[in-house]
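These notes are about the structure you will find just below.
The values are calculated or read from the model by the stated rules, or taken from the named source; none is laboratory data. No experiment lies behind these values; they were computed from the predicted model shown. When we count neighbours, we look across all protein chains shown, and the Cβ atoms used for this are built from the backbone with ideal geometry, even at glycine. SASA here: full protein model, heavy atoms, side chains in, ligands and nucleic acids out. Shrake-Rupley method; radii C 1.70, N 1.55, O 1.52, S 1.80 Å.
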Amino acid sequence: MKTAFNRSAAAGLLICMGCVVYLKVGGVAGAVLFSAGLWFVVNFEAELFTGRVTRADYSWTQKLIMLLCNVAGAAGCGLLAGLCLPEIREAAQAMMRNLALQGPLVLLWKAVMCGICMYLATTRVGTESRLPFVVYGVALFILSGYAHSIALAGYAAIAREVAWWILPLAAAGNALGSYLMKWLLAKKPEGSSGRG
């Protein structure tokens, strides 16, 4: 399966739309509204690194391209949002500075936890609607302060500042968390009773 540059950039833009609404509204309402960005990604099958990193039908080269296009889409949207909505820039700056002060180990843990949330939010189970999974997964990672690499690209662009190590470490942590949850929730072997 080929990674589409435009669908990957669109995913980054949609996630940044969630960043903007969270910075404007904040709290539980902002976290729930942020989930609209991921819902649009899932509904329109845009290509988001944090939602597709564990898929075997993508090579690591394709995943890296997807990540870079996600970051470009989020950063482009974030730069424009920071220019057009200067009232959100200060909140984004405070968020990015606080994250940098917490250090790499804390960021990595927050990114792993976000990767777990993203795996749960975007992985299809059965035929039920993905909407509750998306809303709960996003609200959980936002309100817990977990680190989503593509959202951080949007916040950094709005703030116009970022410590160089934050985005790659967050992306690695997101991938690690997604793979960990995929492994932990692997299907049971045939013949198991299905009881805990």
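Would you mind computing the Rg to Rh ratio of the chain from its alpha-carbon coordinates, Kirkwood style for Rh?
0.98
Taking R0 as 22 Å, what FRET efficiency do you get between S144 and L83 from their Cβ-Cβ distance, rounded to the nearest 0.05?
Rounded to the nearest 0.05, the efficiency is 0.15.
Loop only per DSSP, at most 14 neighbouring Cβ atoms within 10 Å: give me the chymotrypsin sites (Phe, Trp or Tyr not before Pro) in the range 1-108, ordered by residue number.
F44
Normalised by the empirical 2.2 N^0.38 Å for globular proteins, what value does the Cα Rg of the range 16-130 take?
1.15
At a probe size of 1.4 Å, how large is the accessible area of T127, to the nearest 10 Å²?
Roll a 1.4 Å probe over it and T127 shows about 140 Å².
Eight or more residues apart or on different chains, and alpha-carbon atoms under 26 Å: count the Lys pairs in the chain matching that.
Working: K2/K63; K2/K182; K24/K110; K63/K110; K63/K182; K63/K187; K110/K182.
Lysine pair count for the chain: 7.
What value, in deg cm²/dmol to 500, does the helix sum -39500 (n - 2.57) over DSSP H runs of n ≥ 4 give at 222 nm once divided by the residues of the chain?
-24500 deg cm²/dmol
Projected onto the charge dipole of the range 82-182 (+1 at Lys/Arg Cβ, -1 at Asp/Glu Cβ, origin at the Cα centre), which of S144, V162, S129 gives the Cα projection farthest towards the positive end?
Of S144, V162, S129, it is S129.
Let me know the charge dipole size of the chain about its Cα centre in debye, to the nearest 20, where only the beta-carbon of Lys, Arg (+1) and Asp, Glu (-1) is charged.
Computed about the Cα centre, the dipole is about 360 debye.
Quick check: net charge around N70, other residues with Cβ under 13 Å of its Cβ, Lys/Arg +1 and Asp/Glu -1?
With Lys, Arg at +1 and Asp, Glu at -1, the net is +2.
What trypsin sites (Lys or Arg not before Pro) does the range 25-124 have in DSSP loop regions with at most 11 other beta carbons within 10 Å?
R124
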